[in-house]
1. Identify all residues within the stretch 27-59 that are open to solvent by less than 70 Å² (accessible area, probe 1.4 Å) and in a loop (DSSP other than H, G, I, E, B); write none if there are none.
2. What number of residues within the stretch 1-23 are modelled with pLDDT of 75 or more and under 13 Å from the mean Cα position of the chain (by Cα)?
3. Only residues that are β-branched (V, I, T) and touching a residue at least 12 places away in the same chain (Cβ under 8 Å): list them for the stretch 27-82, please.
Amino acid sequence: MAAEETGLLGYITGLRFIRIEAFDTDAAVTATELLRFGHSWAAVHAIHAARPSAAHPAGRFLLTLAPKAYAGTGVQAVHPGQ
């Protein structure tokens, strides 16, 4: 854990397999669009991170217990038990 960070954020940033993604302009546009369609705030972040981007042209897999909730969002939602 980083000495300058405390609490949950300090713990999360100390995990080597967790990467914090920036909430930039593209994320804000995605959030606005998805919130209007009734997606939760948590789903908005997951969808934005999993959609294809310049850094990840093929997109990233979204590991979820409810893959049907992400149908039609442009992400590859995968249930860990499948």
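The values are calculated or read from the model by the stated rules, or taken from the named source; none is laboratory data. Quick caveat: nothing in here was measured; it's all calculated off a predicted structure. FYI the Cβ positions are ideal-geometry reconstructions off the backbone, even for glycines, and counts take in every protein chain you see. Surface accessibility is based on the protein's heavy atoms, side chains included, excluding ligands, DNA and RNA. Shrake-Rupley method; radii C 1.70, N 1.55, O 1.52, S 1.80 Å.
1. Selection gives G38, H39, S40, R51, S53, H56, G59.
2. Matching residues across the stretch 1-23 total 3.
3. The answer is T30, V44, I47, T64, T73, V75, V78.
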